Amino acid sequence: MPDCIFCRIVAGEIPSNRVLEDEHLIAFRDIQPAAPVHVLVVPRRHVESLAALEDGDAELAGRLMAAARDVARQEGVAESGYRVVINTGAHGGQTVGHLHVHVLGGRQLSGHGTA
Ligand code: 5GP
Ligand code: ZN
């Protein structure tokens, strides 16, 4: 997916501020943070959205969740709390067509929504 901005970030063609990575995924700071901690966890493999995730991807889904947890610990918000969001499709507000998990924290977030 050469035109995918997050594939290009995974490939290192577009710079990003990485906070965690392994062979399956990377996590980097959102360019327009909505909270003091705002990190995106993305699979290295191009998956369009949560809607495109297959039953066989259960292990990858688990890895993304565990990475979100590790990002929260690393960023020092595991105790104070944080929000994990996956915007999906047009009505979900997804603007980048490569599955990504938002990890938001560092301030009191509103009762619902992304921030
Ligand atoms: P979505 O709205 O699809 O759930 O989230 C996409 C997120 O990606 C947005 O929060 C946006 O700020 C972030 N984003 C878009 N382009 C870039 C980029 O080039 N670099 C980084 N680090 N974040 C980006
Ligand atoms: Zn992609």
**Filtered residues of region 1-48 (kept if open to solvent by less than 60 Å² (accessible area, probe 1.4 Å), closer than 18 Å to I86 by Cα and near ligand 2 (Cβ under 9 Å from one of its atoms))** = C4, F6, C7, V42, P43, H46, V47
**Asked** Any residue in region 6-21 that is touching a residue at least 60 places away in the same chain (Cβ under 8 Å), part of a helix (DSSP H, G or I) and in contact with a Leu (Cβ under 9 Å, 6 or more places away or on another chain)?
**Response** yes
**Message:** Among the residues in region 61-75, are any closer than 25 Å to G105 by Cα, within 11 Å of ligand 1 (Cβ to nearest atom) and either open to solvent by 20 Å² or more (accessible area, probe 1.4 Å) or outside any loop (DSSP other than H, G, I, E, B) (or both)?
**Reply:** no
**Prompt:** Does A58 count as away from ligand 2 (no atom under 16 Å from the Cβ) and within 30 Å of Q108 (Cα to Cα)?
**Reply:** no
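Restricting attention to region 86-104, which residues are in a strand (DSSP E or B) and open to solvent by 20 Å² or more (accessible area, probe 1.4 Å)? Reasoning before the result, please.
Of all residues in region 86-104, those in a strand (DSSP E or B) come to 101-104.
Result: H102, single match.
The values are calculated or read from the model by the stated rules, or taken from the named source; none is laboratory data. This one's a predicted model, so the numbers in the text were calculated from it and none came from an experiment. Quick reminder, even Gly has a Cβ in these numbers, built from the backbone with ideal geometry, and neighbours come from all protein chains shown. Protein only, heavy atoms only, side chains kept; ligands, DNA and RNA dropped before computing areas. Shrake-Rupley method; radii C 1.70, N 1.55, O 1.52, S 1.80 Å.
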